[in-house]
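The values are calculated or read from the model by the stated rules, or taken from the named source; none is laboratory data. Every value quoted in this text rests on a predicted model; they were computed, and no experiment measured them. Every residue, glycine as well, gets a Cβ built from its backbone with ideal geometry; the counts of neighbours run over all protein chains shown. Please note that ligands, DNA and RNA were not included when accessible areas were found on the heavy atoms of the full protein model with its side chains. Shrake-Rupley method; radii C 1.70, N 1.55, O 1.52, S 1.80 Å.
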Amino acid sequence: MSYEIGSEAVGQVQFSVEDQSLEYHVIAGPTPKDVLRRYTALTGRPALPPAWSFGLWLTTSFCTPYDEETVTSFVDGMAERDIPLSVFHFDCFWMREHQWTDFRWDPEVFPDPEGMLRRLRERGLRVSVWINPYIAQKSALFEEAREAGHLLRREGGDIWQWDLWQPGMALVDFTNPAAREWYADQLRTLLDQGVDCFKTDFGERVPTDVVWHDGADPERMHNYYTQLYNHTVFEVLEKERGAGAAVLFARSATAGGQQFPVHWGGDCFASFGAMAESLRGGLSLSLSGFGFWSHDIGGFEGTPDPAVFKRWLAFGLLSSHSRLHGNVSYRVPWAFGDEAVDVTRKFTKLKHRLMPYLYGAAGEAHRTGVPVMRPMILEFPDDPACRTLDRQYMLGPDLLVAPVFTEEGEVEFYLPEGAWTHLLTGRSARGPGWRRETHGFDSLPLYVRPGALLPLGADEMRPDGDWLDGLTLLAAPDTAYETAYNTAYDTEVTVPDLEGRPAAVFRATRDGDDLKVLALGSRRPFHVRTADGRATAHGVGEVTLPDVLTNRSTG
């Protein structure tokens with residue numbers, strides 16, 4: 001498909017396909033959520049990532065030197081500073097240079113990979129390693145793959161090769177079922193060693209002067225190649241670890257790629273501008289059916305100044321998936337000062353407390369295709385002001401997030417109708433309308449939607465704990481809104497288990513000026529608190545907050 005953007009006519013975007021006819025699929029709404037539901041029903045719904053993957057990922061970075069001593073120092077440093085860590089990622093140089101990809105640990109740097117992976121697992125960590133779909137000529141696997149016919153060939157029968165990333169690099173031909181199984185076998189060896197997941201990098205550049213095993217049109221393989229690549233890796237994870245335990249950190253994708261989460265935004269710069277671009281691109285991805293996405297906290301290219309890093313931390317830890325990663329410098333928080341450590345700790349623990357809510361939103365993405373991170377128009381399709389907003393988003397249905405893109409903390413954002421409550425302070429603000437606020441590095445606009453019932457876990461140290469243990473339900477009734485539109489006030493929220501199944505349902509109803517919350521499917525004690533902190537209560541089965549639904553002014 002060719003696009004002509006403003007070239008033939010400056011006011012038009014045109015596209016064409018080399019063929020005799022063009023078939024259109026028109027996916028109707030009426031709402032944007034309906035479109036996404038129908039589109040993902042056609043192209044595939046996202047798998048549900050495991051709960052542990054929602055915690056903080058820390059990497060070695062790309063071109064930085066590291067060995068087990070370095071890795072251990074990072075893990076120790078996080079623990080010493082009381083920053084919970086869920087996943088450690090080994091980027092490219094866990095393999096020997098010029099060997100990409102041979103799936104073998106560099107013996108000089110990692111003489112005992114199985115022991116190292118066991119030691120990391122004993123500390124409660126999962127492990128991710130970087131891979132790609134290329135086989136360098138120096139790799140011991142090159143000749144094996146060539147003889148078996150697993151590598152992409154030119155029209156004359158020679159192996160297609162180039163020298164961009166590795167000398168004599170070839171591509172695995174994923175249109176060949178035997179090549180896919182051979183590639184999966186290499187990954188099984190790593191899984192047996194103790195690896196949990198893979199960063200499926202690259203896969204975007206595909207040559208056209210080639211012959212594919214299945215006879216595919218070379219011109220049309222550009223996008224489909226990455227689909228086969230990610231499908232192959234995701235499938236082996238599901239087979240070896242079980243359904244619900246598979247997760248990738250993938251870069252390239254096409255329509256339908258949302259089936260194999262998670263995707264991240266690639267190599268952005270370490271700047272406020274790039275941070276805003278990452279959000280804008282991610283929201284576009286959300287509207288394309290991708291339920292989960294991430295980005296490199298602090299940016300990839302270069303080294304962020306501490307202000308950029310600290311602001312990006314809040315954004316990154318209020319994303320579906322959160323990873324500290326860079327190019328030429330480490331991204332451990334203490335490299336950016338003590339305040340960066342405090343910000344990392346605060347927002348990592350906050351994300352863990354939000355997990356009953358976030359995993360509920362993840363289950364919705366899996367079932368319906370509605371993403372976890374949502375452009376404002378998805379939740380407020382009838383509000384014209386929400387149609388073009390690209391510097392804020394809804395995290396699930398009930399949390400509004402407006403990242404701060406300035407060192408000084410000035411931020412401008414829009415609140416739709418109703419009384420919204422700031423999650424971190426309990427202060428209220430009424431919409432519709434634009435607001436200007438100033439926030440320190442440990443804060444940002446993070447507002448609870450009017451009428452929400454937000455479940456918060458008690459465990460700050462891990463994302464996959466027992467969410468019903470010490471559960472708090474944050475009630476955010478909008479009394480003025482209820483008086484005008486919904487005097488009954490009836491809302492409910494489901495707290496999932498670690499497999500995404502309903503563990504308990506909590507229903508909040510209005511009884512005069514009292515708020516009653518009923519637990520269905522659970523006899524475990526829980527807390528109820530108003531979002532502004534004015535009232536709290538706890539109990540089993542049913543909890544009542546008396547006289548909390550009276551009208552009150554907001555600032």
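Split the accessible area of the range 106-174 by element, probe 1.4 Å, and carbon with sulfur accounts for 46%. Converting phi to 3J(HN,Hα) with the Karplus coefficients 6.51, -1.76 and 1.60 and the offset θ = phi - 60°, the range 31-47 yields 9, x, 4, 4, 4, 5, 4, 6, 5, 6, 5, 7, 9, x, 8, x, 5 Hz in sequence order, with x at every glycine or proline. For the pair residue 155 and residue 437, label points projected 7 Å from Cα toward Cβ lie 6.2 nm apart.
Over every Cα atom in the chain, the radius of gyration and the widest Cα-Cα span, Dmax, amount to 24.7, 81 Å.
Applying 1/(1 + (r/R0)^6) with r as the Cβ-Cβ distance of residue 276 and residue 535 and R0 = 41 angstrom yields a FRET efficiency of 0.60.
Find the Cα radius of gyration of the range 344-491, compare it with 2.2 N^0.38 Å by division, and give the number to two decimals.
Numbers: Rg = 15.4 Å, N = 148, 2.2 N^0.38 = 14.7 Å.
That ratio works out to 1.05.
Can you compute the helix-only [θ] at 222 nm over the chain? Use -39500 (n - 2.57) per DSSP H run of at least 4 residues, normalise by all residues, nearest 500 deg cm²/dmol. So the helix-based figure for the chain works out to -8500 deg cm²/dmol.
By DSSP, the beta bridges lying fully in the chain are antiparallel in about 70 percent of cases.
Based on Cβ point charges of +1 for Lys and Arg and -1 for Asp and Glu, what charge dipole magnitude is obtained for the chain about its Cα centre, in debye rounded to the nearest 20?
Numbers: 53 positive and 78 negative charges, 318 e Å.
That gives the chain a dipole magnitude of about 1520 debye.
Counting only heavy atoms of the protein chains and using a 1.4 Å probe, residue 97 has close to 110 Å² of accessible surface. Sequence-ordered 3J(HN,Hα) estimates for the range 170-175 from the Karplus curve with 6.51, -1.76 and 1.60 and θ = phi - 60° stand at 10, 10, 5, 8, 6, 6 Hz, glycine and proline given as x. Residues whose amide H comes within less than 5 Å of that of residue 492, counting only those at least five positions distant or on another chain, are 508 (H built at 1.01 Å from N in the peptide plane). Averaging Cα coordinates gives a centre for the range 524-540 and one for the range 1-24; these two points are 57 Å apart. Rolled with a 1.4 Å probe across the full set of protein chains, the surface gives residue 220 an accessible area near 140 Å². Inter-label distance, residue 79 to residue 147: 4.5 nm, where each label sits 7 Å from its Cα along the C-beta direction. The value given for the range 112-204 is a Kirkwood hydrodynamic radius of 14.6 Å, derived from the mean inverse Cα-Cα separation.
Amide H contacts for residue 250 (H built 1.01 Å from N in the peptide plane; partners 5 or more residues away or on another chain; cut-off under 5 Å): 200, 262, 263, 264.
Assuming a ≥ b ≥ c are the square roots of the Cα gyration tensor eigenvalues, decide whether the range 1-81 counts as rounded (a/c under 1.5), prolate (otherwise, with a/b larger than b/c) or oblate.
On the way: a/c = 3.56, a/b = 2.04, b/c = 1.74.
Taking the square roots of the gyration eigenvalues as a ≥ b ≥ c, the range 1-81 is prolate.
If each Cα of the range 240-313 is one equal point scatterer, what is log10 of I(q)/I(0) from the Debye formula at q = 0.22, 0.23, 0.25, 0.28 Å⁻¹? With no solvent term, the Cα-only Debye profile gives -0.93, -0.98, -1.07, -1.22. Averaging 1/r across all pairs of distinct Cα atoms in the range 328-372 and inverting the result yields a Kirkwood radius of 12.5 Å. Our note on the geometry: Cα centres of the range 392-442 and the range 165-229, 43 Å apart. In the complete set of protein chains, residue-level accessible area for residue 238 is approximately 70 Å², probe 1.4 angstrom. Can you compute the FRET efficiency between residue 520 and residue 192 using 1/(1 + (r/R0)^6), with r the Cβ-Cβ distance and R0 = 45 Å? Round to the nearest 0.05. The computed FRET efficiency comes out at 0.60.
Note on the range 56-184: percent of Cα-Cα distances in each 5 Å bin, starting at 0 and stopping at the bin with the largest distance, equals 2, 10, 18, 19, 15, 12, 11, 7, 4, 2, 1, 0. Between the listed residues 30, 249, 322, the Cα displaced farthest toward the positive end of the dipole of the chain, a dipole computed from Cβ unit charges relative to the Cα centre, is found at 30.
How large, in percent, is the carbon and sulfur part of the accessible surface of the range 427-538 at a probe radius of 1.4 Å? Don't jump to the answer; show the numbers that get you there.
Numbers: 2470 of 5270 Å².
Whole-percent figure for carbon plus sulfur exposure: 47.
Derived value for the range 274-330: Kirkwood hydrodynamic radius 11.6 Å. Basis is the mean of 1/r over every pair of different alpha-carbon atoms. Normalising by the residue count of the chain, find the relative contact order in percent from Cα pairs under 8 Å and 6+ residues apart. Worked out over the chain, it gives 12 percent. Net length available on complete extension from residue 25 to residue 305 is 96.2 nm, with 0.36 nm assigned per residue and the Cα-Cα distance removed.
Give the long-range amide H neighbours of residue 539: residues separated by 5 or more places, or on another chain, with amide H under 5 Å away, using H modelled in the peptide plane at 1.01 Å from N. It is 526, by chain and number. Considering only 88, 549, 312, and ranking their Cα positions along the charge dipole of the chain that arises from unit charges at the beta-carbon of Lys, Arg, Asp and Glu, the one farthest toward the positive end is 549.
In the full protein context, the chain carries 41 Å² of accessible surface per residue, based on a 1.4 Å probe and ignoring ligands, DNA and RNA. Summarising the label geometry, the points placed 7 Å from Cα in the beta-carbon direction at residue 385 and residue 16 lie 4.5 nm from one another. Classify the range 406-555 from the C-alpha gyration tensor, please: rounded if a/c falls under 1.5, else prolate or oblate depending on whether a/b exceeds b/c. Because a/c hits 1.5 or more and a/b fails to exceed b/c, the range 406-555 counts as oblate.
Pull out the extension gain between residue 511 and residue 121, defined as 0.36 nm times the separation in residues minus the alpha carbon to alpha carbon distance; nm, one decimal.
Values: separation 390, 0.36 × 390 = 140.40 nm, distance 4.99 nm.
Additional length available on full extension: 135.4 nm.
Under 12 Å of direct C-alpha separation, and excluding same-chain neighbours fewer than eight residues apart, residue 138 reaches these aspartates and glutamates: 97, 102, 163. Stretching the chain fully between residue 339 and residue 490 yields a gain of 50.2 nm (0.36 nm per residue, less the alpha carbon separation).
Just check the range 269-409 against the gyration tensor rule for me: Cα atoms, a ≥ b ≥ c as the square roots of the eigenvalues, rounded for a/c under 1.5, and otherwise prolate or oblate depending on whether a/b exceeds b/c. Note, shape of the range 269-409 comes out prolate.
Karplus-derived 3J(HN,Hα) values for the range 247-252, using 6.51 cos²θ - 1.76 cosθ + 1.60 with θ = phi - 60°, are 8, 10, 10, 9, 9, 8 Hz; glycine and proline are entered as x.
Restricting attention to the range 1-145, close to 35% of DSSP beta bridges with both partner residues there are antiparallel.
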